[in-house]
Amino acid sequence: MDIVILAVVIAVVVIGAIGGLVVGSRRKKPLPKPPPAAPDITAPPAEPHVGEEAETPRDETRRTIEEVDLPSGSGATLAEPPFVEELEVPQLEVPEPTAGRLVRLRSRLSRSQSALGKGLLTLLSREHLDEDTWEEIEDTLLTADVGVQPTQELVERLRERVRVLGTRTPEELRGLLREELITLVGPGMDRAVKTEPPSGKPGIVMVVGVNGTGKTTTTGKLARVLVADGRSVVLGAADTFRAAAADQLQTWGERVGAHTVRGPEGGDPASVAFDAVKEGKEIGSDVVLIDTAGRLHTKTGLMDELGKVKRVVEKHAPLDEVLLVLDATTGQNGLIQARVFAEVVDITGIVLTKLDGTAKGGIVVAVQRELGVPVKLIGLGEGPDDLAPFEPEAFVDALIGD
């Protein structure tokens, strides 16, 4: 029994000694080092400055909000916003009335009178009207682009009447020549532009011609003529091949409040014409004017395409007018163009442009004889209101002068 107790005591002593050694070894372990302090970073040298920025900053006296003098008044005054100029809305132009427009433009038309009117009066006033004089009269008429057959008819009538009358005072000669020229021009032809179909639908007018005759400008001026007469107009920009044609036509329309229907550049002109007529019907417009692309009368494919435009438009309604625009300065070449266009699209009227001095007035007679259709409008200048309805009496009066 004593031996067991002694063994237990020895075991307790040994365990205690081992425990003290373990604790002591733990206490002797070094503590972990504290984290290093943030390193000192040296700022890079400042960039060099020039002028006042290179000076050493100075101490400035600063005031508190209580020390600042506020503007007197019951409340703070807001600064006025800067003045901004308002864009002016373009005003619609008021075209000149069409009644008597050709009379007002008579001075421009009379610039071409020396080749025809004055020349004939000078020859007829000679004391002796022999065969040579009558040949000179014929040459004067032919030079003025009157045409061979109309020239022969006019000379025959003049010879007969001069022979019957006997006396030839200046007043008598002028009256005689005036009567015969008016007869030659054709006072009985219907020269009204048909824009009032009996069905109540919009009047449909298609403008055709070769390159450079002024179709787009003529279409814009015709819109002004119609607006001046109190008509509402829709413009169809079916000239999709010339880049500026649609923009040009739209500008003409905006000046007088006419809406323009246009398509993509290089698009199908027949589609644009179709949409223009459709929109004109939907909005209840009085007239739809369709501007077509200029084309050479010798190009069969282009002329066939013009016929396609006409057929597509007539799916809505028949065309009321097909106006052929001719340059009055081209003379006999214009007659050839007119003949070809008349075969493709039934021409109902002629518009003669550039009839303001360089042209020869006889082309009016020649083109009417060639096509059997009347000259309905003439262009006498570059101004917006220089397109006038053709009036035979005023035209002849301008040719022969006072």
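Some observations on this one:
- The condition (being farther than 21 Å from Asp304 by Cα, modelled with pLDDT under 90, touching a helix residue (DSSP H, G or I) at 6+ places or on another chain (Cβ under 8 Å) and not hydrophobic (A, V, I, L, M, F, W, C)) is satisfied by just one residue among Gly200, Gly186: Gly186.
- Candidates Lys281, Lys308 - the one that is within 19 Å of Ser199 (Cα to Cα) and more than 14 Å from the chain's Cα centre (by Cα): Lys281
- Considering (1) in contact with a strand residue (DSSP E or B) (Cβ under 7 Å, 6 or more places away or on another chain); (2) buried (at least 23 other Cβ atoms within 10 Å of the Cβ); (3) under 22 Å from Glu254 (Cα atoms), the lone condition that Gly220 does not fulfil carries the number (1).
- Pairs where the first residue, in the stretch 391-402, is farther than 16 Å from Arg191 by Cα and the second is open to solvent by 10 Å² or more (accessible area, probe 1.4 Å) and of a type in the set (Gly, Ala, Ser), C-beta under 6 Å, 6+ apart: Ala398/Ser110
- On the stretch given as the stretch 366-385, residues that are outside any helix (DSSP H, G or I) and of a type in the set (A, V, I, L, M) total 5.
- Test for Gly209: is it at positive phi and out of contact with any Cys (no Cβ under 7 Å at 6 or more places or on another chain): yes
- With respect to the conditions (1) assigned to a loop (DSSP other than H, G, I, E, B); (2) within 21 Å of Pro269 (Cα to Cα), Val322 falls short on a single one, namely (1).
- Qualifying residue in the stretch 94-105 (condition: in contact with a Gly (Cβ under 6 Å, 6 or more places away or on another chain) and either modelled with pLDDT of 80 or more or β-branched (Val, Ile, Thr) (or both)): no
- Those residues of the stretch 277-304 which are at pLDDT 90 or above and either part of a loop (DSSP other than H, G, I, E, B) or touching a helix residue (DSSP H, G or I) at 6+ places or on another chain (Cβ under 9 Å) (or both), in sequence order: Val277, Gly284, Ser285, Asp286, Val287, Val288, Leu289, Ile290, Asp291, Thr292
- Residue identified as assigned to a loop (DSSP other than H, G, I, E, B) and either surrounded by 22 or more Cβ atoms within 10 Å (Cβ to Cβ) or within 24 Å of the chain's Cα centre (by Cα) (or both) among Gly267, Gly334: Gly267
- Scan of the stretch 315-327 for residues that are modelled with pLDDT of 85 or more and surrounded by 13 or more Cβ atoms within 10 Å (Cβ to Cβ), ordered by number: Leu319, Asp320, Glu321, Val322, Leu323, Leu324, Val325, Leu326, Asp327
- Criterion (open to solvent by 10 Å² or more (accessible area, probe 1.4 Å) and under 20 Å from Gly331 (Cα atoms)) met by exactly one of Glu138, Glu171: Glu138
- Residue that is least open to solvent (accessible area, probe 1.4 Å) [pool: residues in the stretch 386-401 that are over 15 Å from Lys354 (Cα atoms) and not in a helix (DSSP H, G or I)]: Gly401
- Top-ranked residue in the stretch 223-264 [being assigned to a helix (DSSP H, G or I), touching a residue at least 12 places away in the same chain (Cβ under 8 Å) and more than 21 Å from Leu377 (Cβ to Cβ); ranked as most open to solvent (accessible area, probe 1.4 Å)]: Glu254
- No other residue among Ile363, Ile378 is touching a helix residue (DSSP H, G or I) at 6+ places or on another chain (Cβ under 8 Å), more than 19 Å from Arg104 (Cβ to Cβ) and buried (at least 19 other Cβ atoms within 10 Å of the Cβ) apart from Ile363.
- Looking across the stretch 142-155 at every residue that is among the hydrophobic types (A, V, I, L, M, F, W, C) and over 13 Å from Val185 (Cβ atoms), the one that is least open to solvent (accessible area, probe 1.4 Å) is identified as Val155.
- Number of residues in the stretch 187-222 that are touching a Leu at 6+ places or on another chain (Cβ under 8 Å) and assigned to a loop (DSSP other than H, G, I, E, B) equals 6.
The values are calculated or read from the model by the stated rules, or taken from the named source; none is laboratory data. Keep in mind it's a predicted model, so treat the numbers as computed, not measured. Ideal geometry is used to build each Cβ from the backbone, glycine not excepted, and the neighbour counts take in all protein chains shown. Quick note on the areas: whole protein, heavy atoms, side chains included, nothing else; ligands and nucleic acids left out. Shrake-Rupley method; radii C 1.70, N 1.55, O 1.52, S 1.80 Å.
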